[in-house]
Amino acid sequence: MNSDKQQIFDALFALWGKQHWWPAQTRLEMMLGAILTQNTAWSNVEKAVSNLRRNGALNFQTLEKASQNQIAEWIRPAGYFNQKAGCIKGMVEILREHFDGSLHQLFALDTPALRTELLSWKGIGPETADSILLYAGKRPVFVVDAYTKRFLSRHGWCDKNASYDSVAKLFTESLPEDVQLFNEYHALIVQLGKEHCNTKPKCAGCPLEHLLPADSRG
């Protein structure tokens, strides 16, 4: 697998090119998007973010003043809106209490400390934390999502029950620590999942079809 990682990236990039991820104008907007995208399609996140923007709520001060119920109403299109509103309010409160409301102070932490901090927040798991580290913090960490495990296991490159960290190491231990590479790689895997490697695989025309075991092709 190690010798194939650059080949995989090159095949995906040759077909789809730059993905321009993460589609956000500020660090805060990116962090909100990472929370909102949990268990929903990005098209729903876009609607929720548009609501926040329309109500002037893509800034710390507005989110701090808004009630959890108000935030839930703004982000309703993203689903699980009460739960996600609680995560957002929790994030805002932690930033105020421990970082003087400053994302600059938060991102001044070194990568291990920042990851530990993010994982301690309500509703923030490894994928969301690493998305924030990579896209908002510009740290060379590899984001693993369901699409990543799916295409790796279908190719026989990892067990379908492999842990998050073990899957991430497949990439971080064999590729240069390059923020832009990891950024683009994750975004291309998302595109792969949308176009070909969904719950029901569509292997015909997939840029990785030639690397797939013959008995696994859908």
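Numerical summary
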read-out	value
Scan of region 172-207 for residues that are touching a His at 6+ places or on another chain (Cβ under 9 Å) and either modelled with pLDDT under 95 or not hydrophobic (A, V, I, L, M, F, W, C) (or both), ordered by number	K202, C203, A204, G205, P207
Residue in region 103-122 that is surrounded by fewer than 19 Cβ atoms within 10 Å (Cβ to Cβ), outside any helix (DSSP H, G or I) and either in contact with a Phe, Trp or Tyr (Cβ under 7 Å, 6 or more places away or on another chain) or of a type in the set (A, V, I, L, M) (or both) present	yes
Members of region 126-164 that are within 20 Å of N39 (Cβ to Cβ), touching a residue at least 24 places away in the same chain (Cβ under 8 Å) and part of a loop (DSSP other than H, G, I, E, B)	V143, V144, D145
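The values are calculated or read from the model by the stated rules, or taken from the named source; none is laboratory data. Note that the coordinates shown come from a computational prediction; the quantities given were computed from them, not determined experimentally. Every residue, glycine among them, receives a Cβ derived from its backbone with ideal geometry; neighbour counts consider all protein chains shown.
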